[in-house]
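A short worksheet on the structure shown next.
Derivation of every value follows stated rules applied to the coordinates shown; laboratory data play no part. Here the structure is a predicted model, which means the values were calculated and not measured. Note that each Cβ is placed from the backbone with ideal geometry, even for glycine, and that neighbours are counted across all protein chains shown.
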Ligand code: PGA
């Protein structure tokens with residue numbers, strides 16, 4: 001696990017964008033796993049800028065989103081399909097037919113979840129998965145207690161997630177109580193993962209996730225089992241880590257050796 005700390009959210013987002021750009025340059029039809037939430041917005045803004053200012057093409061890119069609220073139509077302003085369209089896809093030349101977000105209205109949820117997993121396999125798996133972390137340590141909507149081997153499925157949202165996400169809805173009662181999410185096991189099969197975390201509010205849970213014991217109570221801690229994870233942090237998010245000096249030292253040491261940090 002590589003931990004890359006930058007002073008501000010903007011710098012952290014730019015650094016993460018550099019990694020994504022590098023992978024896209026090598027493989028134009030990269031399969032991206034994508035996340036919603038406020039954290040990846042800086043990365044998405046940079047990708048849009050790359051397209052608009054540098055003419056970088058996303059035509060061949062395929063994507064699978066981590067999760068979607070159950071019961072929300074794609075036209076709902078708080079649906080994750082709407083979020084992805086308005087914050088990213090509408091501003092790129094990506095073929096929307098190649099962008100998948102779980103169907104919050106799937107009539108047969110189990111069949112849908114099986115098909116979603118199969119669709120990921122059909123394209124050869126996710127090359128690069130983008131993740132944020134929830135206040136309760138979740139990745140996707142894998143709430144505390146989710147099996148670390150879990151697959152795409154319907155889950156009930158945790159109270160903390162409902163509280164955290166109520167800021168986007170007119171009333172707390174309007175927050176959906178269920179979601180479809182890729183499982184922790186699904187996420188761990190991605191060939192490479194980037195975890196983005198900013199802000200002091202996430203510092204404690206992030207420290208538990210990457211420096212604490214692996215536990216299903218913090219589903220992000222399962223990333224410790226993955227061989228290729230880069231964690232991008234701003235300084236406030238890194239403030240509860242105990243090994244910061246080492247992370248900085250190892251980044252510098254690798255640069256001195258002339259090795260690329262990612
Ligand atoms: P946030 O959400 O980026 O809006 O903090 C992260 C998450 O819940 O995974």
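Observations on the model:
- Sequence-separation-based contact order of the range 118-262, relative, with Cα cut under 8 Å and 6+ spacing, percent: 27 percent
- Each residue of the range 156-259 gets 126 Å³ once the volume of the Cα convex hull is shared out per residue.
- Placing one equal scatterer on every Cα of the range 39-156 and applying the Debye formula, the log10 ratio I(q)/I(0) at q = 0.13 Å⁻¹ is -0.56.
- When you restrict to C-alpha pairs under 8 Å that are six or more residues apart and normalise by the size of the range 1-123, the relative contact order lands at 24 percent.
- Most mobile listed residue (104, 124, 199) in the chain, GNM with C-alpha springs under 10 Å: 124
- Max mean-square fluctuation residue, GNM over the chain, Cα-Cα springs under 10 Å, options 19, 196, 154: 19
- Rg/Rg_globular for the range 95-151, with Rg_globular taken as 2.2 N^0.38 Å and Rg from C-alpha atoms: 1.28
- Most tightly packed first, judged by the mean number of other beta-carbon atoms within 10 Å of their residues, the peptides 52-58, 91-97 read 91-97, 52-58.
- Debye intensity ratio I(q)/I(0), log10, the chain, q values 0.08 Å⁻¹ (C-alpha model): -0.29
- Normalising the average separation of contacting C-alpha pairs (under 8 angstrom, six or more residues apart) by the number of residues puts the relative contact order of the chain at 24 percent.
- Euclidean distance between Cα centres, the range 169-184 to the range 18-57, Å: 26 Å
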